[in-house]
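The values are calculated or read from the model by the stated rules, or taken from the named source; none is laboratory data. Remember, it's a predicted structure, so these values are computed and weren't measured experimentally. Positions of Cβ are backbone-derived with ideal geometry, glycine not excepted, and every protein chain shown enters the neighbour counts. Keep in mind that these areas ignore ligands, DNA and RNA; they rest on the heavy atoms of the full protein, side chains included. Shrake-Rupley method; radii C 1.70, N 1.55, O 1.52, S 1.80 Å.
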Amino acid sequence: MQSLLYIEVNLLCLLILVLVLFKVRMGNDLRNRQFWFSAVLMANILASFLDILWILVTKGSMHVAPLGSFCINAAYYLMASVGSFCWFVYSEKVQNSRFVASRARIVACAVPLMVSFVLVLSSYWTGWAFSIDADGGYERGSLYYAQFFIVYGYGLVTAAHALLGSFKKENFAVRSQYLALMYFAILPLLFITLQALAPNVPLTCVGVAVALLWVFLDMQEQKISLDPLTQLNNRTQLAKHVAQRMRHRDAGQTLCLYLVDVDHFKAINDTYGHVEGDRALQRVANALRRCCADGSGFPARYGGDEFVLVRDSASPCDAKAIGAYLNAELAQGNAGEPAEYSMRVSVGSAAYTEGVRTLQDLVHLADKELYQVKAARSDS
């Protein structure tokens, strides 16, 4: 009965992971980091399957030679290691970490994974990670905990990185995403602890399945609320934020909306291609994040090459000051990561007054000032 429960729980976890993998692969978001998330899912699907095989062997429902038992256990350990490494790469890519900024750095991060492979595969002769006796009995090796720390070390390192990143003000729009990355390391460890109290229930796979499902659901939520290219708030979130700020205004503060337009964006696209055009938009988004690093503003992508910044001000709305700040940030960013072109933005502003009722009213007023700014520049 206990072995049946063990298999049923594993099958349930396996089914959850297969469904999540199917949804990820059927989605239209096939960016590089999604490849790594799919790899995490596939590694854990195989691990659950191997765990089912092992319980069938240990309970005598399936008979294999000692070599077969070793292969099942070795494959399980290897899938755990691969899954952990792929999670590390995925998580660090979500955080735009320098650790995985190039293939060479990813290979360097894979050194513990290679050590894990050596420990597991050589255990057939050395028994370092585990050993299988002549009767098929399993026993942990002298370096078992080294293997354990490699597997969970990847998760703990990237979880700590995500926790620190969640406190950075420039990441406030994606804070829930950073926290979801952190929970992935916590949940499996919590369930491993619980499994010590209930050894006949595969709670480790439950923890992993719940954590990956949580991350997947957070991905879907981010798609609803964030612009996929710039990772700024999208227009839907902007409308919600402006409506809420209109209802709950701070006394003595002016609610300002700044409409930011990239100068000569069409020329960048036509000359350097759409990939470089996307990169240009991301540079503007990063400048807006730095502008809101103190948490005082709400940046969003309005559409195309237009962005919006909403913030309270103790003085009248000053589009000129915001434009000067953003252009200085863009110039500084270009010095750090040189592009073949220089970038500037034009900014128009609008203040919330009693005659303004919607986001579109504010944008319309800001667009009028933006047009005047561009016209004045072309005349000079």
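Only residues that are modelled with pLDDT of 90 or more and of a type in the set (Gly, Ala, Ser) were counted across segment 22-39, and they come to 2. As a summary of the residue check, ASP261 satisfies the conditions (1) assigned to a strand (DSSP E or B); (2) more than 27 Å from LYS320 (Cα to Cα) except for the one numbered (2).
Filter segment 120-152 down to the residues that are touching a Pro at 6+ places or on another chain (Cβ under 7 Å) and in a helix (DSSP H, G or I) and list them by number. Once the filter is applied, which keeps residues that are touching a Pro at 6+ places or on another chain (Cβ under 7 Å) and in a helix (DSSP H, G or I), segment 120-152 yields only ILE150. Restricting attention to segment 99-122, the residues being over 27 Å from GLN282 (Cβ atoms), aliphatic (A, V, I, L, M) and open to solvent by less than 20 Å² (accessible area, probe 1.4 Å) number 3.
If you go through segment 85-119 and pick out every residue that is more than 18 Å from the chain's Cα centre (by Cα), part of a helix (DSSP H, G or I) and of a type in the set (A, V, I, L, M), you end up with 9. Just a yes or no: is a residue in segment 54-71 part of a helix (DSSP H, G or I), more than 18 Å from ILE132 (Cβ to Cβ) and without any contact (Cβ under 8 Å) to a residue 60 or more places away in the chain? No: segment 54-71 contains no residue that is part of a helix (DSSP H, G or I), more than 18 Å from ILE132 (Cβ to Cβ) and without any contact (Cβ under 8 Å) to a residue 60 or more places away in the chain.
When you check ARG25 against the structure, is it part of a helix (DSSP H, G or I), touching a Ser or Thr at 6+ places or on another chain (Cβ under 7 Å) and surrounded by fewer than 20 Cβ atoms within 10 Å (Cβ to Cβ), yes or no? Taking the combined requirement at face value, the residue satisfies it. If you go through segment 35-50 one residue at a time, do you hit one that is more than 30 Å from LEU163 (Cβ to Cβ) and either among the basic types (Lys, Arg) or open to solvent by less than 50 Å² (accessible area, probe 1.4 Å) (or both)? Yes; the residues of segment 35-50 include at least one that is more than 30 Å from LEU163 (Cβ to Cβ) and either among the basic types (Lys, Arg) or open to solvent by less than 50 Å² (accessible area, probe 1.4 Å) (or both). ARG301 satisfies every condition listed in (1) modelled with pLDDT of 90 or more; (2) more than 20 Å from the chain's Cα centre (by Cα); (3) open to solvent by 10 Å² or more (accessible area, probe 1.4 Å) except (2). Every test in (1) free of Cβ contacts under 8 Å to residues at least 24 places away in the same chain; (2) acidic (Asp, Glu); (3) within 30 Å of MET79 (Cβ to Cβ) is passed by ASP218 save one, and that test is (1). Selection of segment 141-151 for residues being touching a Ser or Thr at 6+ places or on another chain (Cβ under 8 Å) and either open to solvent by 50 Å² or more (accessible area, probe 1.4 Å) or among the polar types (S, T, N, Q) (or both) yields only GLN147.
Residue-by-condition table, conditions (1) in a helix (DSSP H, G or I); (2) closer than 20 Å to VAL94 by Cα:
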{"position": "LEU217", "(1), (2)": "yes, yes"}
{"position": "ALA239", "(1), (2)": "yes, no"}
{"position": "GLN244", "(1), (2)": "yes, no"}
{"position": "LEU257", "(1), (2)": "no, no"}
{"position": "LYS266", "(1), (2)": "yes, no"}
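Residues of segment 67-98 that are at pLDDT below 90 and open to solvent by 50 Å² or more (accessible area, probe 1.4 Å): ASN96, ARG98.
Within the group VAL9, VAL64, VAL57, which residue is open to solvent by 40 Å² or more (accessible area, probe 1.4 Å) and farther than 21 Å from TYR178 by Cβ? Spell out the reasoning first.
Details: VAL9 fails: open to solvent by 40 Å² or more (accessible area, probe 1.4 Å); VAL57 fails: open to solvent by 40 Å² or more (accessible area, probe 1.4 Å).
Unique residue meeting the criteria: VAL64.
The set of residues in segment 123-135 that are touching a helix residue (DSSP H, G or I) at 6+ places or on another chain (Cβ under 9 Å) and open to solvent by 20 Å² or more (accessible area, probe 1.4 Å) comprises TYR124, THR126, TRP128, SER131, ILE132, ASP133, ALA134, ASP135.
Annotation note: of LEU217, LEU226, LEU212, the sole residue that is within 22 Å of the chain's Cα centre (by Cα), of a type in the set (A, V, I, L, M) and open to solvent by 50 Å² or more (accessible area, probe 1.4 Å) is LEU217. Test SER313 against the criterion of being among the hydroxyl-bearing types (Ser, Thr, Tyr), under 28 Å from THR353 (Cβ atoms) and in contact with a Lys or Arg (Cβ under 6 Å, 6 or more places away or on another chain), and give yes or no. Here the answer is no, as SER313 does not meet what is asked. Put simply, of ALA159, ALA173 the only residue that is at pLDDT below 90, surrounded by 19 or more Cβ atoms within 10 Å (Cβ to Cβ) and not hydroxyl-bearing (Ser, Thr, Tyr) is ALA173.
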